[in-house]
């Protein structure tokens, strides 16, 4: 019988488990946790993203249906209330620290290209993400809309983001760049 790894297994191999465990310990993510730990939450969120699941109910049903195929990666059956509580109560700084660890790793793995500037080239971009105003009242943008803007600093040497920030949508790009992004000396910023 031929063995093939699932896509979620391949994604999990990219996350250094010992570094993730250190991040969780530093932020107290698994403090007072009995059943659904941070690693299982990351597996669940990666699965939901890869499977294009858009709601807690959709995630719960999909995991229940695919349980025979997901048991080997340590993903238990989960209730949507458990996932909701974990998403609400666990510190988001834990996932931010994980992002930066993965970003550092990606920077070392990106292929180098021949097109080079004397100084580093960075690009900034922003995109508007619509949100339900009744669920996210802090995101009021206009009279009846809710949104946030995702601002990204892209490093052209590796074509991956260096920095991401997601403030409410009413913040203008120029103000976010001045407050949030670190402009290195002698770099070439492009907006």
(message) Using only Cα atoms and rounding to the nearest 10 degrees, what angle (0 to 90) does helix 38-50 make with the longest principal axis of the chain?
(response) 70
(request) Only helical DSSP H runs with n ≥ 4 go in: add -39500 (n - 2.57) per run for the chain, normalise by residue count and round the 222 nm mean residue ellipticity to 500 deg cm²/dmol. (result) -12500 deg cm²/dmol
(message) Need one number: nm distance between label points at residue 118 and residue 172, each 7 Å from Cα along Cα→Cβ, rounded to one decimal.
(response) 3.3
(request) For the chain, just say rounded, prolate or oblate: build the C-alpha gyration tensor, square-root its eigenvalues into a ≥ b ≥ c, call rounded for a/c under 1.5, and beyond that prolate if a/b exceeds b/c, oblate if not. (result) oblate
(request) Provide the FRET efficiency to the nearest 0.05 for the residue 88-residue 35 pair, computing r from the beta carbons and using R0 = 22 Å. (result) 0.85
(message) Over region 7-98, what is the relative contact order in percent, taking alpha-carbon pairs closer than 8 angstrom and at least six residues apart?
(response) 37
(message) Output needed: percent of Cα pairs per 10 Å distance bin for region 10-103, bins running from 0 to the one holding the longest distance.
(response) 15, 50, 33, 2
(request) At 7 Å along the Cα-to-beta-carbon direction for both residue 9 and residue 125, put a label point, then send me their distance in nm to one decimal. (result) 3.4
(request) Run the quick spin-label model on residue 69 and residue 160: label points 7 Å from Cα toward the beta carbon, then report their separation in nm to one decimal. (result) 2.8
(request) For residue 109 and residue 144, compute 0.36 nm times the residue count separating them, minus their Cα-Cα distance, and round to one decimal in nm. (result) 8.2 nm
(request) Give the angle, between 0 and 90 degrees and rounded to the nearest 10, that separates the Cα long axis of helix 56-65 from the longest principal axis of the Cα atoms of the chain. (result) 50
(message) Between 0 and 90 degrees, rounded to the nearest ten: what's the tilt of helix 80-89 against the longest Cα principal axis of the chain?
(response) 40
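Any read-out appearing in this document is the output of simple, stated calculations on the displayed coordinates, not a laboratory observation. Just so we're clear, the structure is a prediction, and the values are computed from it rather than from any experiment. In this analysis, Cβ positions are derived from the backbone assuming ideal geometry, glycine residues included, and neighbour counts consider all displayed protein chains.
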